[in-house]
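Everything on this sheet refers to the single structure shown next.
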C-alpha cells in the first residue's frame, strides 16, 4: 500500500481528484508543522491500515529561495531534508547549538528519488531536485530566507518534510517528497502566492509518477 501525505486539505483535495481512478493508495492529512506531522504519521503507521504501508510520498507546496533557480509553480524533489531553524536565533540568522549533536539532516531514499525523476522526465515535466529546508516558522523576510539558504545550501522551504522523512526512517519505509512552488521566499506578500495552482501542479506531477506503476512494487 502506498501512503500519500499532505499537511492540509488544500493540498490533499487535488491529489484525490488526480488519483480518483487509482487504487492501492491511502491519503493522510497530517496537519501543519513538524510536531503534528511526526505524531499523526507515526500514530497512523503504528496501527490499522498503516501497517500495510510499504512506501510514502509527501506532497505539498513550498516557498523557493530566489537563488535556487526555481520559479513559482515549478516542481521540486527533495534529496535531503534539513531542519534549518533548529538552534540559536541571532537576528535573521540561525546558529547551531554549540557542543550539542542534533540529528537535523534526513536523507531521502535514493532509488525512489531516481525513479521519480525518471518518471517526470518521461512525462516532460520540468523539475529540480536538491536539499530542502524544513522550518518551524516560514521565512517572512528575504534576509531571513537568504541566511537559511546560505547556511544550509537549500532550494526551498516547507514545514513538514523533515518530520515525514524521520518517521519513515524509523519505520523503515522509503520516502519521496514532491513539492510545487507556491511562492518565493521574500519580504512577505501573500498577494503574490499561488497556493491553489501549486497544489494542483503537485498533484499532476504525482499522477505522472504513479503512471509509471513501479511505485506500488
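Key figures
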| read-out | value |
| --- | --- |
| Breaking point among (1) at pLDDT 90 or above; (2) surrounded by 15 or more Cβ atoms within 10 Å (Cβ to Cβ); (3) more than 12 Å from the chain's Cα centre (by Cα); (4) in a helix (DSSP H, G or I), for residue 128 | (4) |
| Some residue of segment 176-198 being closer than 30 Å to residue 43 by Cα, at pLDDT 95 or above and surrounded by fewer than 21 Cβ atoms within 10 Å (Cβ to Cβ) | yes |
| One residue from 19, 26 being free of Cβ contacts under 8 Å to residues at least 60 places away in the same chain, farther than 19 Å from residue 166 by Cβ and touching a helix residue (DSSP H, G or I) at 6+ places or on another chain (Cβ under 7 Å) | 26 |
| Residue list for segment 143-166, restricted to those being at pLDDT 95 or above and in a helix (DSSP H, G or I) | 161, 162, 163, 164, 165, 166 |
| Residue within segment 167-175 that is over 15 Å from the mean Cα position of the chain (by Cα), more than 26 Å from residue 9 (Cα to Cα), at pLDDT 95 or above and surrounded by fewer than 24 Cβ atoms within 10 Å (Cβ to Cβ) present | yes |
| Wholly within segment 1-109, strands (runs of 3 or more DSSP E) carrying at least 2 residues that are under 13 Å from the mean Cα position of the chain (by Cα) and modelled with pLDDT of 95 or more | 2-6, 55-64, 75-83 |
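The values are calculated or read from the model by the stated rules, or taken from the named source; none is laboratory data. Keep in mind the model is a prediction, meaning the values are calculated, not measured. When we count neighbours, we look across all protein chains shown, and the Cβ atoms used for this are built from the backbone with ideal geometry, even at glycine.
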